[in-house]
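Below is one structure, written out as structure tokens; the observations come after it.
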Amino acid sequence: MSSINRESITLVTGVIGADTHIVGNRILSMGLEEAGFKVVTLGALTPAAEFVKAAIETAADGIMVSSLYGQGELDCRGFRDLCIEAGLDGILLYIGGSLVVGKQEWSEVEGRFLGMGFDRAFANATRVEDVVEALDKDFAARKKSG
Amino acid sequence: MSAALLIDFGSTFTKLRAIDLADGNIIGSGQGPSTVETDVTEGLSTALADLEGHLGALPNFKHRLACSSAAGGLGMVTVGLVRELTAEAAKQAALGAGAKLTGAFSYGLTKGDIADIERLAPDIILLAGGTDGGNAEVILENAAKLAAAGLTCPVVIAGNREAAEEVAALLEAAGSPVIVTENVMPEFGVLNVEPARAAIRQVFIDRIVHAKGIDKAAALFDAVLMPTPAAVLEGARLLSAGHGDIAGLGPLVVVDVGGATTDVHSVADGAPTKEGVIAHGLPEPHLKRTVEGDLGMRINAAAIAEAAGLEQLAAGAGLAVARAEEILQMLSADIERLPDGEDEQRFDQTLAEAALKIAMTRHAGSLAIVQTVAGPVSVQTGKDLGQIKTLIGTGGVLAHGKNPAAALMATLADPLVPQSLKPQAPDIRLDKDYVLFAVGLLAEREPEAALTLGIRHMHSVT
């Protein structure tokens, strides 16, 4: 995957809502940075609107939302609309973590978040490498089409 | 004797302080009217004659340095991208440079915004937007709109460095003098207001002093270094930090309640001091100035009453509401009025306490409880000023007031409102002889004398 220049890509990371679980998000941010992306880290307890504001100011190419406390579905409602409203129409949106409470079929959960406008959803314990691979693929595809 | 002359060209008076550089004592003061509208030299000559009258003869001054808030002060408009991010950083930079901020804009400027800026006719525009490598479109668009409007005031450019050259070229072609400096927010969440502050200061010295006609009196002084609020802030910075062997006063807050506005300056990191508190939002500048444009003892007396409640003010002053209202109307109508009689003095005191209390509440940070799955978490926005060591009151209202100590106490933390992070138990001092501006003007050239002067003349009132 050398067709994209990771250094020219800015990603915003953070943990959405009233969620203090910062560790997974920090590992992700460090991993993305190591892979060569420009990373803007918002940390824990980040309202949806702050992801959008940071993305505007930094002209980000993607937003990586973490949610670990089971309220992700509520917190992320309207996230894509918020981006469109702010003029970030084509921004790449990923979500990952413990997205729902209790045992639920992953494909169902994933479908729900994709339906909310996220480009990809990742289950708990996804490796950073897999996320980087997905990013490379998605940005390469955008480059081709755009 | 080695002496320095410090001049404040104010909006009403031209004030002088002559300082002995050997021991940091005031050797004399002088005052004249502010005559910047006609010829600034007249007021300064009158003030010098006044000083000479006190001293017998004027010494040969080693430094003759001035600051100015005359002719409307340094009127500035700031433009940034996101309101809470680069637009906020730009605002902080302008206020920290001692500007009178008349407009703060964010996102793309509209036709209405441009019309507002033309009407405000700022002395300087500070144009920011985008982190370095971030959004470049909006600052370019805004520059193009400002250029098209034919605004020719100097523009300080402190936005996305990738766009800065093009932005400068656009504005220069339209006839604006431009100064490119470092981004006020080079990375997301990183405040970098010092370079913009310095650039604004330079434009003030190079251009604004001349534009306001203050340089007409250039033969009588060496330099006009900065706007008066910047001199006060510089004074506060030196008093806090100390110099060489002379210890400073530590983290401190300076408050100044005036006829039209109430200023609060803090020199403190303001990091959380309570256990388990998480800081949220933009990092706070160590040197922070806020100006409450709706809290002033005369021009905005009615606005204070509106914010604090006329009934409360009346009760605080021990007056009937009707009498309080009568006094309020008198004060608003006659902005030069000095309190006359017991009632007016008590009302003025209550008004000052209310303005200071509200201004400090707005300047200080606050705590909010966020309920999480793991239990409640305290989130801090703004500066925690709870532990600051020194609180200083400056300006005529406090210096000449009946009970400045009580007025200053009104700014302190209220145990019933623990979420407001105001000073808890600072030493309270008063700039009774109005020297803080002089401390700031001397800070760079004679730091020791300046610091001694400041510490000696900030009189303890507790």
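The table below lists the values:
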| quantity | calculated |
| --- | --- |
| Unmet requirement for B:I125, which otherwise passes all of (1) surrounded by 22 or more Cβ atoms within 10 Å (Cβ to Cβ); (2) touching an Asp or Glu at 6+ places or on another chain (Cβ under 9 Å) | (2) |
| Residue identified as closer than 20 Å to A:H21 by Cα and within 14 Å of chain B (Cβ to nearest Cβ) among A:T58, A:T46 | A:T46 |
| Residues of region B:358-415 classified as among the small types (G, A, S), in a loop (DSSP other than H, G, I, E, B) and within 14 Å of another protein chain (Cβ to nearest Cβ), total | 1 |
| Members of region A:116-146 found to be at pLDDT 95 or above, surrounded by fewer than 13 Cβ atoms within 10 Å (Cβ to Cβ) and within 16 Å of A:L93 (Cα to Cα), listed by number | A:D130 |
| All helices (runs of 4 or more DSSP H) inside region A:10-112 with 3 or more residues being of a type in the set (G, A, S) | A:23-34, A:48-58 |
| Among residues of region A:52-66, those that are surrounded by fewer than 24 Cβ atoms within 10 Å (Cβ to Cβ) and of a type in the set (G, A, S), counted | 2 |
| Top-ranked residue of region A:74-119 - restricted to ones that are in contact with a Lys or Arg (Cβ under 7 Å, 6 or more places away or on another chain) and not small (G, A, S), ranked as farthest from the other protein chains (Cβ to nearest Cβ) | A:M116 |
| Residue match in region B:52-68 (condition: in a helix (DSSP H, G or I) and either closer than 23 Å to B:R201 by Cα or of a type in the set (F, W, Y) (or both)) | no |
| Residue in region B:409-450 that is surrounded by the most Cβ atoms within 10 Å (Cβ to Cβ), counting only those that are under 20 Å from the mean Cα position of the chain (by Cα) and farther than 25 Å from B:A352 by Cβ | B:L441 |
| Residue in region A:1-16 that is facing chain B (nearest Cβ under 9 Å) and touching a strand residue (DSSP E or B) at 6+ places or on another chain (Cβ under 7 Å) present | yes |
| Test: residue in region A:78-89 that is more than 27 Å from B:A163 (Cα to Cα) and either in contact with a helix residue (DSSP H, G or I) (Cβ under 9 Å, 6 or more places away or on another chain) or crowded, with 21+ Cβ neighbours inside 10 Å (or both) | yes |
| Residue ID - surrounded by the fewest Cβ atoms within 10 Å (Cβ to Cβ), chosen from residues in region B:58-84 that are more than 14 Å from chain A (Cβ to nearest Cβ) and among the small types (G, A, S) | B:G72 |
| Residue selected from region B:164-191 under the condition within 14 Å of chain A (Cβ to nearest Cβ) and not β-branched (V, I, T), by the criterion surrounded by the fewest Cβ atoms within 10 Å (Cβ to Cβ) | B:E187 |
| Of all residues in region B:209-219 being out of contact with any strand residue (DSSP E or B) (no Cβ under 7 Å at 6 or more places or on another chain) and assigned to a helix (DSSP H, G or I), the one that is surrounded by the fewest Cβ atoms within 10 Å (Cβ to Cβ) | B:A219 |
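The values are calculated or read from the model by the stated rules, or taken from the named source; none is laboratory data. No experiment lies behind these values; they were computed from the predicted model shown. Using ideal geometry, Cβ is built from the backbone for each residue, glycine included, and neighbour counts are taken over all protein chains shown.
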